[in-house]
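Engineer: I'd like to ask you about the structure that follows.
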Amino acid sequence: MKSFNWKVIHDRAQDDASTSKTTPIYQTSSFTFTGLDDLEGFFQPENNRYMYSRYGNPNPDQLARKVSELEGAPAGVATSSGMSAILCGVLSVVRPGESVLIPEDVYGGTYDLFQQFFQEWQVDIHTVSFTDLSEVEKHITEKTALVYTESVTNPLLRVENIEAVVNIAHKHRVPVMVDNTFATPYFSQPYKSGVDLVVHSATKYIGGHSDVTAGVLVGEKALVERAKAKAIQLGMNISPFESWLTVRGLKTLSVRMERQSSNAKAMAEFLNDQSGVNVYYPEYLATHGNGAMVSFELVDRYDIHKFFEQLEWVKIVPTLAGVETTVSYPLKTSHRSLPPQMQKKLGITEGLVRMSVGLEDQMDIMKELRSALKAAEKD
Ligand SMILES: Cc1ncc(COP(=O)(O)O)c(C=O)c1O
């Protein structure tokens, strides 16, 4: 069996006769046929043909295949964004009149998708605290069609007990879908713990270079096929070029995660030593390490506006997972739409900073943080 790192780097043999070392970009909207019998071949079961890029194209298929392999899942589909991957995954299992359980600390965009879009489509959404899993079980009814969660939550980096969630949901014959964006398959492979569908905003660590918007859904073959049909009907396809870029980024996933995660650990330790700073950093992830995200709260002795303004090269962005260290402000970006009482309950406060640690030298990141913290100290 091939190792994780082998699978990250190598492509499967391609049907391309050009012997090109890298995968060609199939920048085409459609494919050609030699006659009507040839065309009919596309519609036969188990065919390997392509017809029209919204239905399928070698580059998105390669992205889907690679992420499926890394997650250990039998099937996958690549889509235009993390949100469209979530949408087609949920649509593959949930119907109007049914209900879904989501954690209250879910990513803000996902919260909106469920609370706004799906509520409008007559799906009942139950938002519960997943820190006490007996609450999850209490809310499962015969209408529950899906339990949805994240392997590492955003922005406070709570590590979900995936096995326990799966045990509870499957006891009631309810499928489980997990967003594995923050952990990446390098640190966590939820499909192997029994999760039915795993989703990634490949915009983040899978792509890794902040130059694409992409999503991947992997999991059980029948579910992924249903999700793929929705993605085709709703036009959620990703372009060949964006898929190609994402695959190129993915090849360095392991080395990026190793270095970014060890940098993040050093920054968490540094911040932990500063007075007036509360650090959120996951205690463990699988066997490899702790991930590359560090969140921290600056309490009263710091002026949060000054802290952000004083950062010289660490940029403020509403995203994460690039090769550069960046910071975001969850209260006004990713979690802006949450009701204020929910923000408060979850600890998404005025002083909360979410940092995505990059590949720089630790000394450089530490220097930048130290000088911004110093400048932000109140008199
Ligand atoms: C955990 C998580 N899931 C899903 C998404 C949505 O992904 P995209 O922006 O690629 O649609 C994001 C975006 O920030 C995210 O952080």
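The values are calculated or read from the model by the stated rules, or taken from the named source; none is laboratory data. This is a predicted model, so every value here is computed, not measured. Here the Cβ positions follow ideal geometry from the backbone for every residue, glycine too, while neighbour counts run over all protein chains shown. For the accessible areas, the whole protein counts, side chains as well, though only heavy atoms, and no ligand, DNA or RNA atoms are used. Shrake-Rupley method; radii C 1.70, N 1.55, O 1.52, S 1.80 Å.
Engineer: Inspect region 131-143 for any residue being on the phi > 0 side of the Ramachandran plot, away from the ligand (no atom under 16 Å from the Cβ) and not hydrophobic (A, V, I, L, M, F, W, C) and give the result as yes or no. Walk me through it before giving the result.
Structural biologist: Keep residues of region 131-143 that are on the phi > 0 side of the Ramachandran plot, which gives none.
Within region 131-143, none of the residues are on the phi > 0 side of the Ramachandran plot, away from the ligand (no atom under 16 Å from the Cβ) and not hydrophobic (A, V, I, L, M, F, W, C).
Engineer: Select the helices (runs of 4 or more DSSP H) contained entirely in region 1-85, then report the ones holding at least 1 residues which are touching a strand residue (DSSP E or B) at 6+ places or on another chain (Cβ under 6 Å), assigned by TED's automatic domain parsing to the domain that holds TYR148 and among the β-branched types (Val, Ile, Thr). It would help to see each step written out before you state the result.
Structural biologist: Working: elements: 4-9, 36-42, 58-71.
Hits in region 1-85: 58-71.
Engineer: Can you pull out the residues in region 98-114 that are more than 13 Å from the ligand (Cβ to nearest atom) and modelled with pLDDT under 95? Steps first, please.
Structural biologist: Let us first name the residues in region 98-114 that are more than 13 Å from the ligand (Cβ to nearest atom), namely 98-101, 104.
Selection gives GLU104 alone.
Engineer: Which one of GLY208, GLY215 is touching a Lys or Arg at 6+ places or on another chain (Cβ under 7 Å), among the small types (Gly, Ala, Ser), at pLDDT 95 or above and under 22 Å from SER84 (Cβ atoms)? It would help to see each step written out before you state the result.
Structural biologist: Numbers: GLY215 fails: touching a Lys or Arg at 6+ places or on another chain (Cβ under 7 Å).
That would be GLY208, the only listed residue that is touching a Lys or Arg at 6+ places or on another chain (Cβ under 7 Å), among the small types (Gly, Ala, Ser), at pLDDT 95 or above and under 22 Å from SER84 (Cβ atoms).
Engineer: From the residues in region 197-212 that are under 9 Å from the mean Cα position of the chain (by Cα) and open to solvent by 10 Å² or more (accessible area, probe 1.4 Å), which one is farthest from the ligand (Cβ to nearest atom)?
Structural biologist: Once the filter is applied, the top-ranked residue is LYS204.
Engineer: Quick check on this structure: which one of GLY235, GLY194, GLY215 is under 15 Å from VAL67 (Cα atoms) and either open to solvent by less than 20 Å² (accessible area, probe 1.4 Å) or more than 11 Å from the ligand (Cβ to nearest atom) (or both)?
Structural biologist: Details: GLY235 fails: under 15 Å from VAL67 (Cα atoms); GLY194 fails: under 15 Å from VAL67 (Cα atoms).
GLY215 is the lone residue from the list that is under 15 Å from VAL67 (Cα atoms) and either open to solvent by less than 20 Å² (accessible area, probe 1.4 Å) or more than 11 Å from the ligand (Cβ to nearest atom) (or both).
Engineer: If you check LYS230, LYS171, which single one turns out to be in contact with a Ser or Thr (Cβ under 7 Å, 6 or more places away or on another chain) and either hydroxyl-bearing (Ser, Thr, Tyr) or away from the ligand (no atom under 15 Å from the Cβ) (or both)? Full working, then the answer.
Structural biologist: Details: LYS171 fails: in contact with a Ser or Thr (Cβ under 7 Å, 6 or more places away or on another chain).
Of LYS230, LYS171, the one residue that is in contact with a Ser or Thr (Cβ under 7 Å, 6 or more places away or on another chain) and either hydroxyl-bearing (Ser, Thr, Tyr) or away from the ligand (no atom under 15 Å from the Cβ) (or both) is LYS230.
For (1) touching a residue at least 24 places away in the same chain (Cβ under 8 Å); (2) in the same structural domain as ASP105 (by TED's automatic domain parsing); (3) out of contact with any strand residue (DSSP E or B) (no Cβ under 7 Å at 6 or more places or on another chain), each residue gets a yes or a no:
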| position | (1), (2), (3) |
| --- | --- |
| GLU142 | no, yes, yes |
| VAL147 | yes, yes, no |
| ALA164 | yes, yes, yes |
| ASP179 | yes, yes, no |
| GLN189 | yes, yes, yes |
| LYS192 | yes, yes, yes |
| VAL199 | yes, yes, no |
| LYS204 | yes, yes, yes |
